[in-house]
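Some notes on the structure that comes next.
Derivation of every value follows stated rules applied to the coordinates shown; laboratory data play no part. Just so you know, these numbers come straight off a predicted model, no measurement behind them. All Cβ positions, glycine included, derive from the backbone under ideal geometry; neighbour counts span all protein chains shown.
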Ligand SMILES: Nc1ncnc2c1ncn2[C@@H]1O[C@H](COP(=O)(O)OP(=O)(O)OP(=O)(O)O)[C@@H](O)[C@H]1O
Ligand SMILES: CC(C)(CO)[C@@H](O)C(=O)NCCC(=O)O
Ligand SMILES: [K+]
């Protein structure tokens, strides 16, 4: 099987064998041109010769149509995931017309009906979702630390582009430190507040910035980099059985 994750920043793919082991994987910045990037990958995908391609996309109908057009040339069956708020593995009170596919799949990949869970995705946006015994209660969406920094750069005169690091939540004494520490605190503070309100929810983090952020969270965090892939596998596995 070939699995595709079309995110706002990167395109990721995984090739898995019959027992679900990853045999090839890559992640590439798509610079808002995912269909073009896919075009460049079609030779490789043809060589992989998967029997099916399962797709998570948060790119919207227009880009998804272009992606479909590109994939049609491969003569390999493919299918986009559609969020289902009434799915047997997890019910959701969230509008399934709106809930991002990546968010939903990350939850589907983590969900355990015996647990209370807080799933935090740290990609282009940071998402925080609460799940109570396989019932999604809703969540929060924040701009990532990088998006927050860009908005300060573009919306102010005196804060100019700099390449500081997000490594502390203590008060800063320079513009660069104040910006980076303030932004990191906005997300870490929110996570700590949410975890304080929901003390018996297990904290699970995934995505590119999970390691940077989790260091400052004041409760144990489970880092998982396989949630979306696991969600994709569960989704299509379930579909094939029903
Ligand atoms: N200057 C930057 N601007 C934006 N993102 C950056 C920058 N530098 C690094 N990044 C990384 O790009 C990542 C976004 O892609 P990543 O693959 O990590 O997460 P993701 O959840 O897959 O994102 P998405 O699915 O939205 O593409 C951010 O998590 C961040 O670590
Ligand atoms: C929040 C993001 C950007 C995270 O990648 C994505 O899941 C998305 O575009 N979601 C749609 C909005 C929503 O989830 O309510
Ligand atoms: K948008």
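Worth a mention:
- DSSP finds beta bridges in the chain, and of those with both partners inside it, around 60 percent are antiparallel.
- Angle between the chain longest axis and helix 145-155 axis [Cα atoms, degrees, rounded to 10]: 60 degrees
- FRET efficiency for residue 141 and residue 19, using Cβ-Cβ distance with R0 set to 45 Å, rounded to 0.05: 0.80
- Theoretical ellipticity at 222 nm over the chain - DSSP helices of four or more residues, -39500 (n - 2.57) apiece, nearest 500: -12000 deg cm²/dmol
- The chain: angle of helix 61-72 to the longest principal axis, Cα-based, in degrees nearest 10: 40 degrees
- Dividing the convex hull volume of the alpha carbon atoms of the chain by its residue count gives 140 Å³ per residue.
- Order of 13, 140, 94 under a 10 Å beta carbon neighbour criterion, fewest first: 140, 94, 13
- In units of the rule-of-thumb radius 2.2 N^0.38 Å, the stretch 190-242 shows an alpha carbon radius of gyration of 1.44.
- Short to long, the 10 Å bins of the Cα pair-distance histogram for the stretch 104-242 hold 12, 39, 29, 15, 5, 1 percent of all pairs.
- Ordered by the number of other Cβ atoms lying within 10 Å of each residue's own Cβ, fewest first, 10, 197 fall into the sequence 197, 10.
- Three principal axis lengths of the stretch 1-78 [C-alpha, angstrom, descending]: 33, 23, 19
- Seen from all directions on average, the stretch 37-178 presents a Cα convex hull projection of 12.5 nm².
- Listed by Cβ neighbour count within 10 Å, with the fewest neighbours leading, 183, 159, 131 appear as 159, 183, 131.
- With Cα atoms, 0 to 90° folded angle of helix 227-241 axis to the chain main axis: 30 degrees
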